[in-house]
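To keep things clear, I will list the structure first and then write my remarks on it.
Values quoted throughout were computed directly from the atomic coordinates according to the rules given, and no laboratory measurement underlies them. Note that this is a predicted model, so its numbers are computed, not measured. All Cβ positions, even for glycine, are placed from backbone atoms using ideal geometry, and neighbour counts span all protein chains on display.
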Amino acid sequence: MKKSSFYALVMGTVSGMIFAIGMCMALLPEWDLFGAGVAFTAVGIVLGLITLIGWRKLENKPSVKVNGKLLLKIVYITAAVLVFGLAMCLCLVWAQYLYGMLVGLVGILMLLGLIPMIKGLK
């Protein structure tokens, strides 16, 4: 295993776990830890960004160029994930199964649309 792959594996797991624990702390009212959960979530996001930057350095890849095309991709990804999350809420929280499945299908199609958007068609 390459050093960069091991770094990404360990740091990605740690940052993902911290992020997930923070989300649980913030969103579960039984725990009553909203403030600490927001802090944990923020630390998880920062560690995830550090992981990405460190992995790119270990792979000798250039830094990410921020332009309008990248920002539009980020907006699309955010919208797709929110649509998919709405479908999960419709099914699991509000018991609206038919609407949840329909919105979920739209969310899945949006997420599948990321493949040609990011990788391109050949």
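Tabulated data
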quantity: Chain lengthening between LEU49 and MET17 when straightened (0.36 nm per residue, less Cα-Cα); calculated: 10.1 nm
quantity: Backbone N within the stretch 39-67 under 16 Å of label point (7 Å from MET117 Cα along the Cβ vector); calculated: 67
quantity: Highest to lowest packing among 95-108, 14-27, 70-83, scored as the average C-beta count within 10 Å; calculated: 14-27, 95-108, 70-83
quantity: Structure-based [θ]222 nm, the chain - -39500 (n - 2.57) summed over DSSP H runs of at least 4, per residue, nearest 500; calculated: -27000 deg cm²/dmol
quantity: Dipole axis of the stretch 1-64 (+1 Lys, Arg; -1 Asp, Glu on Cβ), positive-most option in TRP55, MET23, ALA39; calculated: TRP55
quantity: Helical segments meeting 30 Å axial Cα length and Kyte-Doolittle 0.5 threshold in the chain (DSSP H); calculated: 3-27, 34-58, 68-92
quantity: Cα shape, the stretch 65-122, gyration tensor, a/c 1.5 rule; calculated: oblate
quantity: Centroid-to-centroid separation of the stretch 48-122 and the stretch 6-34 [C-alpha atoms, Å]; calculated: 19
